[in-house]
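The values are calculated or read from the model by the stated rules, or taken from the named source; none is laboratory data. Computed from a predicted model, the values in this text were never measured in an experiment. So basically every Cβ, Gly included, is an ideal-geometry build from the backbone, and we count neighbours across all protein chains shown. The protein model used for the area step is the full one, side chains on, heavy atoms only, and it has no ligands, DNA or RNA in it. Shrake-Rupley method; radii C 1.70, N 1.55, O 1.52, S 1.80 Å.
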Amino acid sequence: MARYLVLTGGVGGAKLALGLSHVLEPAEMLIAVNTGDDFEHLGFTICPDLDTLTYTLAGESNTKLGWGRAGETWQFLEALEALGGESWFRLGDKDLALHVYRSQRLAAGASLGQVTEEIAQRFGIRHRYLPMSNDAVRTTVHTGQGPLAFQHYFVRDRCEPAVTGFDFAGADAATLHPDIEAWLGGCDGVIVCPSNPFVSVDPILALPGMREHLKRLPTIAVSPIVAGLAIKGPTAKMMAELNVPATAAQVAKHYEDWLDLFVIDEADAGLHGTLSVPTVVAPTVMVSLQDRIDLARVTVDALS
Ligand code: FO1
């Protein structure tokens, strides 16, 4: 039995993680989730990428919004707004329960990993996923308008400010979640989901020792860029602002220190054989569940 570590961030990554959960048994994969997007808001610790994965693996994701929980209502937010409270980050009533629960457990001394596992169990999720670290890491987006906490950049300011760089406060002093570290010691390869390289994958790579693991292990990444466009989110916009080409080739270059195989979309088949990393050409745009499963199968087969 082969064992894989899966690295993921938000919505795009969770789609492939769901596909992988249909292709691999729970004992064959562990998912390490970016927590650089986490923030403290209204007194709660909010972990958007962990929650996106929880809702996705539980079949509870809000497909209409693209984030949050299915069947959501907004009475809390409306009441908060009426009070003049901060409502730019939209917390639905059901979603709020998760933030209350997590914040209360963290205040009682539980680690983020423990709380994540409790939540996964209550949602009936069989495949294991963990925060990249139990320590707080917070992404700052540097922009022409100054530094912005990630969610201020992403949600409040709708990714409008032009980015100039990123930093991951706390990463240098943080340690990989101990179970991820242990898993890396015995695993057969790493699968990097089609998440934003700068703000979803790089925070995980910023943890001490992670890049060394990736250099040592077989790795495969799926391009988040197809024909110069990001499937979801601001990746292509960020690349343009950073003065690099918004192409799958550039993503491969970003990962080239440790990447062994790169999955590119059929629309980018022209790049096959032209990159510093060997490529696998496959349909990477995941619309249906079957698309997610098919891409997961391609990824696992290519790595094994
Ligand atoms: N994304 C938005 O675009 N607007 C929101 O109001 C918003 C609220 C929100 C609440 C809880 C949660 O877990 C996620 C939420 N997201 C929202 C998504 C999220 O902030 C981003 O998609 C990720 O951080 C990027 O990976």
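The table for this structure:
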read-out	value
Cα centroid separation, region 229-294 to region 102-165 (Å)	24 Å
Per DSSP, loop trypsin sites (Lys or Arg not before Pro) in region 124-211 with at most 12 further Cβ within 10 Å	Arg126, Arg158
With all protein chains modelled, accessible area of Thr63 [1.4 Å, Å²]	120 Å²
Cα-based helix-to-principal-axis angle, 93-107 vs the chain, degrees rounded to 10	90 degrees
Fraction of accessible area attributable to carbon and sulfur, region 34-167 (%, probe 1.4 Å)	51 percent
Order by protection proxy (mean Cβ within 10 Å, highest first), peptides 215-222, 103-110	215-222, 103-110
Tyr101 accessible area, 1.4 Å probe, all protein chains in place, Å² to nearest 10	60 Å²
Relative contact order (%) - the chain, alpha-carbon pairs under 8 angstrom, separation at least six	21 percent
Considering only the chain, percent of DSSP beta bridges that pair antiparallel, nearest 5	40 percent
Cα shape, region 203-304, gyration tensor, a/c 1.5 rule	rounded
Lys/Arg +1, Asp/Glu -1 at C-beta; region 199-281 dipole; positive extreme among Ala248, Ile220, Leu207	Leu207
Prolate/oblate/rounded label for region 153-211 (Cα gyration tensor, a/c 1.5)	prolate
Helix axis angle, 112-122 relative to the chain longest principal axis, alpha carbon, degrees	90 degrees
Ordering of 40-47, 230-237 by packing [mean C-beta count within 10 Å, highest first]	230-237, 40-47
Between region 181-205 and region 1-58, the alpha-carbon center distance in angstrom	11 Å
Accessible area of region 187-238 divided out per residue, in Å², using a probe of 1.4 angstrom	28 Å²
Sequence ranges 30-36, 242-248, 18-24, ranked by mean other-Cβ count within 10 angstrom, highest first	30-36, 18-24, 242-248
Charge dipole magnitude, Cβ of K and R +1, D and E -1 - the chain, Cα centre, debye nearest 20	240 debye
Cα long-axis angle, helix 289-303 against the chain (0 to 90 degrees, to the nearest 10)	50 degrees
Gyration tensor verdict on region 60-185 (Cα atoms; rounded if a/c is under 1.5, prolate if a/b is larger than b/c, oblate otherwise)	oblate
